[in-house]
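As structure tokens, the structure follows; a few thoughts come after it.
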Amino acid sequence: VLSHRQRWAARARATSVEPKIKVWVIFEAVKFGDGRAALLDLIDSLGSISQAAARSGMSYRNLWGYLRELEAAAGFRFLERRRGAGPQGGTRLTSEGRAFLRRYRRFRLAMDQAATRHFKRSFLRP
């Protein structure tokens with residue numbers, strides 16, 4: 001006869017059960033997480049805040065307001081804005097913005113790995 005925990009572990013292994021966590025870095029009251037990281041990547045790849053807002057379904061005003069709040073709370077600029085068309089113009093990540101995104105992603109990966117380890121210990125061991 002299997003215990004309740006053994007039955008649950010067997011069921012979890014037979015189906016797709018996995019942990020899901022949300023992680024934020026909070027600058028004062030401004031949250032930064034996966035969605036905001038994706039927005040910064042989108043702005044950087046498109047070179048345009050307005051195009052990134054349109055593609056993400058967010059209003060330009062809301063995105064611009066969030067970026068101003070984030071930069072003020074963080075104490076550094078995430079984006080550099082250059083007037084003009086072509087490769088010299090547009091909006092790109094600053095070196096500090098890129099470094100922050102690298103650190104955030106490293107932190108996020110470590111949190112996911114820790115959550116997976118603890119999940120397996122808690123739920124998948126018989």
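The figures follow:
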{"quantity": "Residues listed by number, the range 17-48, amide nitrogen under 18 Å from residue 112 label point at 7 Å toward C-beta", "calculated": "17-25, 32-42"}
{"quantity": "Set of aspartates and glutamates near residue 31 by C-alpha distance (under 18 Å), chain-local residues within fewer than 8 positions excluded", "calculated": "41, 69, 71, 96"}
{"quantity": "Under 27 Å from the Cα of residue 120 - lysines, other chains or at least 8 residues apart", "calculated": "20, 22"}
{"quantity": "Which labelled figure in [x] 41, 15, 12; [y] 20, 20, 13; [z] 25, 18, 10 is semi-axes √(5λ) of the Cα gyration tensor in Å, once derived from the coordinates", "calculated": "[x]"}
{"quantity": "Linear extension gain, residue 120 paired with residue 4, 0.36 nm per residue minus alpha-carbon span", "calculated": "40.2 nm"}
{"quantity": "Test item: Cα-centred dipole of the range 49-126, Lys/Arg +1 and Asp/Glu -1 on Cβ, debye", "calculated": "360"}
{"quantity": "Probe 1.4 Å, protein heavy atoms only - accessible area per residue of the range 85-124 in square angstrom", "calculated": "66"}
{"quantity": "Accessible area of the range 12-102 belonging to carbon and sulfur atoms, whole % at 1.4 Å probe", "calculated": "49"}
{"quantity": "For the chain, calculated [θ]222 nm from helices alone, where every DSSP H run of n ≥ 4 adds -39500 (n - 2.57)", "calculated": "-18500 deg cm²/dmol"}
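The values are calculated or read from the model by the stated rules, or taken from the named source; none is laboratory data. As the structure is a prediction and not an experimental result, all values here were calculated from the model. Using ideal geometry, Cβ is built from the backbone for each residue, glycine included, and neighbour counts are taken over all protein chains shown. The area values use the complete protein model at the heavy-atom level, side chains included, leaving out ligands, DNA and RNA. Shrake-Rupley method; radii C 1.70, N 1.55, O 1.52, S 1.80 Å.
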